[in-house]
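The values are calculated or read from the model by the stated rules, or taken from the named source; none is laboratory data. Everything numeric here is computed off the predicted structure, so don't read it as measured data. Heads up, the Cβs are rebuilt from the backbone with ideal geometry, glycines too, and the neighbour counts pull from every protein chain shown. Ligands, DNA and RNA are excluded from the accessible area calculation, which covers all protein heavy atoms including side chains. Shrake-Rupley method; radii C 1.70, N 1.55, O 1.52, S 1.80 Å.
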Amino acid sequence: MKKLIILGLGLLSLATLVTGCGGKDDSKPVFTIVFDGQGKVENDTIFAEGKVTIAEPTEPKTDYFNFAGWYKEKECINQWNFNTEKVDEPITLYAKWVNIGNFTVTFDTKGRGEAPESITVECGSKIEKPENPTDEDFYLYGWYKDANYMTEWNFENDRITENTTLYARWKSKISGYKYYGAELYSKQSFMYGRYEARMKMAFAPGCISSMFLYYNNSDTYNDTLWNEIDIEVIGKDSTKFQSNIITGKKNAQITTEQMHTSTDKPYNTDYHTFVIEWTPEYISWSVDGVEMRRTDATNDVKDQLKTMIRTESLRFNLWSSQSTSWVGKFDNKRLPIAQYIDYIKVSKYDTETKEFTELWTDDFDTFNSTRWGKGNWTIGQVTLNPTNVTVEEGNLVLRLTKEPIYAKY
């Protein structure tokens, strides 16, 4: 429209020259024509002689709207006809604009919380920020233009120019977890005997599900004799368990770990009967009636049998170790997990007759607090929680659970 302005100024100069020559003024009247862009483009002005048609200006352009002609009223009721209509007074012509179209805005919450309803708006419109959807473990960080969260939507400045999906970016309220394990221990300690338990073990990478005999003060002092016999299903393979004898002292342990593969189903998918027999002559480990290992005078290369002289409590625990080389990388997504004990049978050993005699069997119809205690200390990366030891439907259940630690935001 700059050309139109220049043309108008030329006409005005011509009219001025004619009037200024003296004598009778024979010039035609010159009128002002204002082209009002209605806020979409800048206004423009030209000057034209009366009783003549005017040239239609170059079509103005703006974002989000299509130009639809020049009109005589602000409300754009009667359109000006540049081919036939003549100027006979100062006039203002108003630009009519038609929105390019309506577009739909959809909110994708990535499956968290309740998504705001889709809205339909005119092209070029800003949109109001919807009420934040809520999630128990995450808070809404912002709405983004792309699913990869490269560019955040600016509700104050950004405008809708096409069908648009805005993606919710979430941040966890959880900064970490506390882990709680479980341990059952007998209040009575035993010397020699046969220890039997029918169990379905727990399994997850990084975790240990166990049955073991343990001299209660083994880890108290560096000069204390350590005595321990283990059955452990560790988090590398649910079809295997580790047997172990631990002797020596706290800072100088002597161990003889061995791995044993199940002859039937994995230890965490069905019940199996585990047995430890401990005598002065041998220690053996059996599963479902099959002896998996025996340590006796013929193969006790580390002379552990002769140092197994402490009374030991019978224990079962479920916990997690940070030793990835031993149990694998801990996977907390697998929690909670549980170890189920159907029954426990304890028999004493007569060193003269070389026979076992049953002392008692616990079927866990109830919890016998006279016979059993519950651990409440720290082991590995878990705290043993007495509430994670329960009796349910005739089973003693040990659980490994997690509790979120919520971040401030």
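Taking the accessible area of the stretch 257-303, probe 1.4 Å, and keeping the other protein chains in place, the carbon and sulfur fraction comes to 45%. Dipole size of the stretch 87-169 about its Cα centre, with +1 on Lys/Arg Cβ and -1 on Asp/Glu Cβ: approximately 200 debye, rounded to the nearest 20. Taking label positions 7 Å along the Cα-Cβ direction at both Lys173 and Ser27, the computed distance is 7.9 nm, reported to one decimal. Working note: 222 nm ellipticity from helices only, DSSP H runs with n ≥ 4, each -39,500 (n - 2.57), summed and divided by the residues of the chain, gives -1500 deg cm²/dmol to the nearest 500. Note on Thr62 and Thr224: the model spin-label points, each 7 Å out from Cα along the C-beta direction, lie 8.5 nm apart.
Can you work out the FRET efficiency for the pair Trp326 and Ile127, with r the C-beta to C-beta distance and R0 = 56 Å, to the nearest 0.05?
0.55
Values (i) 4, 18, 21, 16, 12, 9, 6, 5, 3, 2, 1, 1, 0, 0, 0; (ii) 4, 16, 17, 11, 8, 8, 7, 6, 6, 6, 6, 4, 2, 1, 0, 0; (iii) 4, 17, 24, 22, 13, 9, 6, 4, 1, 0 are given for comparison; P(r) over Cα pairs in 10 Å bins from 0, in percent, derived from the coordinates here, is the one labelled (ii). For the stretch 318-373, the square roots a ≥ b ≥ c of the C-alpha gyration tensor eigenvalues yield an a/c of 1.5 or more together with a/b not exceeding b/c, which makes the shape oblate.
Only Lys, Arg, Asp and Glu carry charge here, each on its Cβ (+1 for the first two, -1 for the last two); on that basis the chain has a dipole of about 780 debye about its Cα centre.
On the basis of the beta-carbon distance and an R0 of 51 Å, Thr366 and Asp158 show a calculated FRET efficiency of 0.20. Over all Cα atoms in the stretch 26-108, the spread is summed up by Rg and Dmax: 16.1, 72 Å. Across the stretch 155-196, the residues whose backbone nitrogen lies under 15 Å from the label position 7 Å along the beta-carbon direction of Thr353 are 193-194. Working from label points 7 Å from Cα in the Cα-to-Cβ sense, the Ser118 to Ala407 distance is 3.3 nm. Kirkwood hydrodynamic radius of the stretch 103-249, from the reciprocal of the average inverse Cα-Cα distance over all distinct pairs: 21.1 Å.
Computed from Cα atoms, the angle from the helix 2-19 axis to the main principal axis of the chain rounds to 20 degrees. Basic side chains Lys and Arg get +1 at the Cβ, acidic Asp and Glu get -1 at the Cβ, and with that the dipole of the stretch 310-409 about its Cα centre reaches some 760 debye.
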